[in-house]
Amino acid sequence: MYAVTIIILFSLGAVFGSFLNVLIHRLPLKQSILFPASHCPACRKPLRAVDNIPILSFILLGGRCRYCRYPIPYRYIIVEIINALLWVALYNQFGISPEFVLYTVLFSILIVCAYTDLDHYRILNSVVFAGFLIALFLIILLDSKHLKSSVAGMLVGALFMLFWAAVGKLLFNKTALGMGDIKLTALIGLFTGPQNILLIMLLAFLLASFIGITSALINRRLKDQRLPLAPFIAVASIIITLYGNQLIQRYLELLS
Ligand SMILES: [Zn+2]
């Protein structure tokens with residue numbers, strides 16, 4: 001029974017990941033997410049159902065369009081696999097529960113924002129605002145006893161980021177944090193509550209500084225480039241929501 005559940009969730013996660021690919025690709029270009037149906041970007045031939053199966057079609061076609069052999073970006077299969085694995089990991093941590101539903105939504109938002117930030121240096125307002133509406137709806141529907149802590153998480157996230165934006169402005173006289181980062185953090189706080197959002201942002205800043213310093217050392221040209229923050233916020237959120245409690249437990253055991 002467990003194996004069947006895992007296979008079903010992995011497949012559904014991959015299908016949903018496929019939809020996230022469409023959002024990542026089309027939303028920044030202001031294209032409709034429903035029409036036209038999936039097609040090859042090079043020869044524009046519509047994909048047949050058999051060529052549109054998440055993960056499998058990419059492997060069977062050798063990563064190329066069936067008609068014109070145009071290479072399909074690895075991004076597509078990577079997003080599908082990541083999302084499928086995240087759904088399985090969430091099930092292993094939370095079972096089928098309100099948390100499972102809420103965090104699958106959160107992780108979807110994070111994947112889309114991470115990639116649009118990587119591609120275009122943008123976190124789309126449409127994604128964040130839709131996220132707020134869906135989150136509030138789901139929390140009231142499934143988890144209303146935590147509504148207070150969710151709202152507290154949102155405020156803590158927003159204030160934490162506004163504080164560092166102000167510090168950055170004072171110290172370096174430039175805006176290091178975009179409004180998109182601030183809104184996204186407030187939204188994540190709504191999902192995770194006040195305690196986890198602080199851990200998430202500490203970890204995100206730590207990862208971003210580490211990668212930023214390392215890449216500036218390796219490649220001097222990168223030094224003046226702005227580092228998109230959303231991918232780090234996404235990775236940190238995923239680690240803390242899935243394993244935050246275990247990490248804190250381990251840490252406390254080390255101390256005692
Ligand atoms: Zn083609």
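Of note:
- Most fluctuating residue given options Ala114, Ala230, Ala89, as computed from a GNM of the chain linking Cα atoms under 10 Å: Ala89
- Were the residues from Tyr251 through Ile213 laid out at 0.36 nm apart, the gain over their Cα-Cα distance would be 11.0 nm.
- Reachable lysines from Lys45, criterion Cα separation under 24 angstrom, eight or more residues apart if same chain: Lys30
- Neighbour-count order for Phe205, Phe232, fewest beta carbons within 10 angstrom listed first: Phe205, Phe232
- Once backbone amide H atoms are built at 1.01 Å from N, Arg64 has Ile72 as its partners under 5 Å, excluding neighbours fewer than 5 places away on the same chain.
- Most mobile listed residue (Leu202, Leu60, Leu110) in the chain, GNM with C-alpha springs under 10 Å: Leu60
- In this Cβ point-charge picture (+1 for Lys and Arg, -1 for Asp and Glu), the chain has a dipole of about 920 debye about its Cα centre.
- Cα centroid of segment 1-28 to Cα centroid of segment 123-183, whole Å: 26
- In terms of packing, defined here as the mean over residues of other Cβ atoms within 10 angstrom, the peptides 4-16, 152-164 line up highest first as 152-164, 4-16.
- Of Ile233, Ile96, Ile78, the one that fluctuates the most in a GNM where the chain has Cα springs shorter than 10 Å: Ile96
- Taken over the chain, the alpha-carbon convex hull comes to 176 cubic angstrom per residue.
- Put simply, the amide H of His39, placed in the peptide plane, has neighbours under 5 Å in Leu47, leaving out anything fewer than 5 places away on its chain.
- Relative contact order (%) - the chain, alpha-carbon pairs under 8 angstrom, separation at least six: 18
- Label point at Ser126 placed 7 Å out along Cα→Cβ; residues across segment 1-25 whose backbone nitrogen lies under 11 Å: 23-25
- Relative packing of 117-129, 169-181, which averages over residues the other C-beta atoms within 10 Å, highest first: 117-129, 169-181
- Segment 204-256 and segment 57-80: distance between their alpha carbon centers, rounded to Å: 31
None of the figures in this text is laboratory data; all of them are computed from the coordinates on show. These numbers were taken from a predicted model, which means no experiment stands behind them. Every residue, glycine among them, receives a Cβ derived from its backbone with ideal geometry; neighbour counts consider all protein chains shown.
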